[in-house]
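Bear in mind these aren't lab numbers, they're just calculated from the coordinates by the rules spelled out. Predicted model, so just to flag it, every value in this text is computed and none were measured.
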Amino acid sequence: MKTGIFTGSFDPFTAGHDSIVRRALPLFDRIVVGVGVNERKSYMQPADRRVEAIARLYACEPKVEVRAYSDLTVDFARRENAQYIIKGIRSVKDFEYEREQADINRLLGGIDTLFLFAEPQLASISSSVVRELAHFGKDTSAFLPHAE
């Protein structure tokens, strides 16, 4: 069984994140969305609510599972028997950061990272932008996924 993990804080899970998961579905038998929890960060929503919201989004997709984790991504990947880490790339800045992470994950856990470039219309959407807009009372619905 070919398993990929798609990890991030997903605070919130955006339309761009959803696009990456849906585009990766044909490549894997199973995708585990790993909601990262880092006690050094503060979040808009607690992990259990983020997990619940993402799980609702994929309720009709049996290949997608959602779990929270608070350790290293390579350890999470090992527990999930994942062969790949899935990452979305929006820009050169994202690529440089994610490439370094991919190198470390490969060294530590022998796991490869699959990069999928963001669809052009979604490349400017980030969780931090959505949080900022929400903070100022703006409608963020265009940047968030909707259950099909």
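Expressed as a fraction of 2.2 N^0.38 Å, the value expected for a compact globular protein of N residues, the C-alpha radius of gyration of the stretch 71-148 is 1.34.
Backbone phi angles across the stretch 80-90, fed through the Karplus curve with coefficients 6.51, -1.76 and 1.60 (θ = phi - 60°), yield HN-Hα couplings of 8, 6, 7, 9, 9, 9, 9, 9, x, 10, 9 Hz in residue order; Gly and Pro are listed as x. In the chain, Cα pairs under 8 Å separated by at least six residues give a relative contact order of 32 percent.
Given a cut-off of 26 Å, name the pairs among LYS41/LYS93; LYS41/LYS138; LYS63/LYS138; LYS2/LYS93; LYS63/LYS93 whose C-alpha atoms lie farther apart than that in the structure shown. In this structure, LYS63/LYS138; LYS2/LYS93; LYS63/LYS93 exceed 26 Å between Cα atoms.
The tail of the calculated P(r) for the stretch 73-113 beyond 15 Å holds 36 percent of all Cα-Cα pairs. Of the options (1) 13.9, 43; (2) 17.0, 63; (3) 14.6, 45, only one is Rg and Dmax of the Cα atoms in Å as computed from these coordinates, and that is (3).
Using just its DSSP H runs of length 4 or more, each adding -39500 (n - 2.57), the chain gives a mean residue ellipticity at 222 nm of -11000 deg cm²/dmol after division by all residues.
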